1. Please state which of the following conditions B:Arg21 fails to meet, knowing it meets all the rest: (1) within 16 Å of ligand 1 (Cβ to nearest atom); (2) at pLDDT 95 or above; (3) open to solvent by less than 40 Å² (accessible area, probe 1.4 Å); (4) away from chain A (no Cβ under 11 Å).
2. Out of the residues in the stretch B:178-198 that are more than 16 Å from ligand 2 (Cβ to nearest atom) and assigned to a loop (DSSP other than H, G, I, E, B), state the one that is nearest to the other protein chains (Cβ to nearest Cβ).
3. Does any residue in the stretch B:37-49 that is more than 12 Å from chain A (Cβ to nearest Cβ) and open to solvent by 40 Å² or more (accessible area, probe 1.4 Å) come within less than 8 Å, Cβ to Cβ, of a residue that is among the hydrophobic types (A, V, I, L, M, F, W, C) and more than 9 Å from ligand 2 (Cβ to nearest atom) six or more places away or on a different chain, and which pairs are these?
4. Could you list, in sequence order, the residues of the stretch B:67-89 that are more than 7 Å from chain A (Cβ to nearest Cβ), under 16 Å from B:Leu149 (Cα atoms), part of a loop (DSSP other than H, G, I, E, B) and among the hydrophobic types (A, V, I, L, M, F, W, C)?
5. When you go through B:Ile214, B:Ile173 one by one, which is the residue that is within 16 Å of ligand 1 (Cβ to nearest atom), surrounded by 17 or more Cβ atoms within 10 Å (Cβ to Cβ) and either over 17 Å from B:Leu5 (Cβ atoms) or not hydroxyl-bearing (Ser, Thr, Tyr) (or both)?
6. B:Arg48: within 13 Å of ligand 1 (Cβ to nearest atom) and more than 12 Å from B:Leu208 (Cβ to Cβ), yes or no?
7. What helices (runs of 4 or more DSSP H), lying completely within the stretch A:129-222, carry at least 2 residues that are modelled with pLDDT of 95 or more, within 12 Å of chain B (Cβ to nearest Cβ) and under 30 Å from B:Leu156 (Cα atoms)?
Amino acid sequence: MEIFLNGLRQALALIFSLDPNLLEIVRLSLEVSGLALVISAAMGLPAGLFLGLKHFRGKRFIVALVYTGMGLPPVVVGLTIYLLLSRQGPLGNLGWLFTPRAMIVTQSILALPLIVGFTMTSIAAIPSDLIMQLRSLGATRRQVVFTLLYEARTGVFAALVAGFGAIISEVGSVLIVGGNIEHKTRVLTTAIVLETRKGNFSLAMALGIILLAITFTANWLLLHLQGRLDPRHQ
Amino acid sequence: MNPILRLEAIRHSYGEHFTLRIPELSILPGEIFAVVGPSGAGKSTLLRILNFLEKPQQGRVYFHERAYTASNLPIALRRRMVAVFQQPLLLNASVWRNVSYGLRVRGSRNGHEAIQQALDDVRLSHLARQPVDRLSGGEAQRVSLARALVLNPEVLFLDEPTANLDPSNVRIIEEIIRKANQARGTTVVLITHNIWQARRLAHRVALLFDGEIIETADVDAFFHRPQDPRTAAFLSGDLIY
Ligand SMILES: Nc1ncnc2c1ncn2[C@@H]1O[C@H](COP(=O)(O)OP(=O)(O)O)[C@@H](O)[C@H]1O
Ligand SMILES: [Mg+2]
């Protein structure tokens, strides 16, 4: 309890002192996870749309893969990317290991199945006759797609929230491919691990509280945006 | 008078048990053409083919004397026709946003008056800002109709627009259909399994039975002097649904 209270006090002190080290860590966390979210959304929304709309042979297999991917252990993804990016690995000459790029790659992979899965389920729930109705109303194919995404917006927002929440709070993959290097690849979660190991429990707790506050703020912003798209507020 | 829509040598099957076969069918500009027939006869399939929503496996569909398919119909021509289905198929948004949908996809910015007029016509102006999930079945179907009528289509397709509705909603909707046809010259293809509705609204009626058109005739002839015994049976309610 005392650690928790101290953590809270220290978290507030850290936030209000605008500690440059803290700001740097927060900024990198947001950049890495934010970019990973953008990348996985750019690939996952179209893929989810496709799977939600089309029926084809082998679809069940792909859907099973997506569902499995929703529970990917971050350390396994981290290890795989580590091996690919390590100096002897096939992608070694990129020189991405122990840089934020490697962290963005692993987090994009972790968020992708979540975004595909949530988008797919919410698109598949739309009655298929609606597509025909929209075409008949004069929508082009592209307009139909955007209307469907908008129609499935609750699920699409859930996809983004779930994706962001999963990657900003994961530590396994960024620790392996980032290495928790100060001023370079240290993010909130890896900093928490480090401070815990060093026995700085209230500092670790303070960072944890800040992490939760960021996730909460991000979700709140997304919900706010979603609320503005709700017909009850139009 | 040249037909506005024409089917030629259509064959379209679903599995082994259903085939739509229509050697020839013409829809004339300005008419209300009703298609009646028991459920499962192929009425909705016929409508989807006429509205270029489905490509028939064989045969051609002509719009103003030129053949197109669902995939090569130019968007400008597609936008001269619109269908209203049995389910209202509304978007999860306000009544107003639903009615404005077709105008928005056309990039039309100044449809305000037309939307207001369409809502007045279906007597739903007072619900313009309501989300559609609070509407009754009849109101939802009227929104669906307003969403189509606001586009002032050349051809309006209606697939059982009043099935499952109470008499007062049926009356409102029939009035709107008649008004669109008379005041604006809208060609209407009305699919219904209610023969009385066909009789009240249509200029010509076709009976579709088991994928084939048994008889097409002017409304009076259809109801008073049916040529085919199956038409007579259908009119007297002896055809099994
Ligand atoms: N997309 C489809 N796939 C398979 N069978 C279909 C499809 N649409 C319609 N059918 C079948 O075709 C027949 C005619 O259907 P439909 O055109 O909906 O008839 P109606 O509108 O007159 O009730 C029915 O037996 C129906 O089950
Ligand atoms: Mg039908």
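1. The failed condition is (3).
2. Just the residues of the stretch B:178-198 that are more than 16 Å from ligand 2 (Cβ to nearest atom), to begin with: B:178-188, B:196.
Within this subset, residues satisfying the condition of being assigned to a loop (DSSP other than H, G, I, E, B) are B:185-186.
On the way: B:Gly185: 20, B:Thr186: 15 Å.
If we take residues in the stretch B:178-198 being more than 16 Å from ligand 2 (Cβ to nearest atom) and assigned to a loop (DSSP other than H, G, I, E, B), then B:Thr186 is nearest to the other protein chains (Cβ to nearest Cβ).
3. B:Gly40/B:Phe18
4. Filtering the stretch B:67-89 for residues more than 7 Å from chain A (Cβ to nearest Cβ) gives B:67-74, B:76-77, B:80-81, B:84, B:86, B:88.
Still in the list and also under 16 Å from B:Leu149 (Cα atoms): B:80-81, B:84, B:86, B:88.
When the remaining residues are screened for being part of a loop (DSSP other than H, G, I, E, B), the result is B:80, B:86, B:88.
Result: no residue meets the conditions.
5. On the way: B:Ile173 fails: within 16 Å of ligand 1 (Cβ to nearest atom).
Just a single option satisfies the conditions, and that option is B:Ile214.
6. Details: within 13 Å of ligand 1 (Cβ to nearest atom): yes; more than 12 Å from B:Leu208 (Cβ to Cβ): yes.
Yes; evaluated as a whole, the condition is true for this residue.
7. On the way: elements: A:129-136, A:141-151, A:153-168, A:172-178, A:188-198.
So the answer is A:129-136, A:141-151.
Okay, residues lined up against (1) more than 14 Å from ligand 1 (Cβ to nearest atom); (2) within 28 Å of B:Arg200 (Cα to Cα); (3) of a type outside the set (Val, Ile, Thr):
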residue	(1), (2), (3)
B:Ile4	yes, yes, no
B:Ile10	no, no, no
B:Ile27	yes, yes, no
B:Gly37	no, yes, yes
B:Pro56	no, no, yes
B:His64	yes, yes, yes
B:Tyr68	yes, no, yes
B:Met81	yes, yes, yes
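The values are calculated or read from the model by the stated rules, or taken from the named source; none is laboratory data. Computed from a predicted model, the values in this text were never measured in an experiment. Ideal geometry is used to build each Cβ from the backbone, glycine not excepted, and the neighbour counts take in all protein chains shown. Remember, those area values only see protein heavy atoms, side chains included, never the ligands or the DNA or RNA. Shrake-Rupley method; radii C 1.70, N 1.55, O 1.52, S 1.80 Å.
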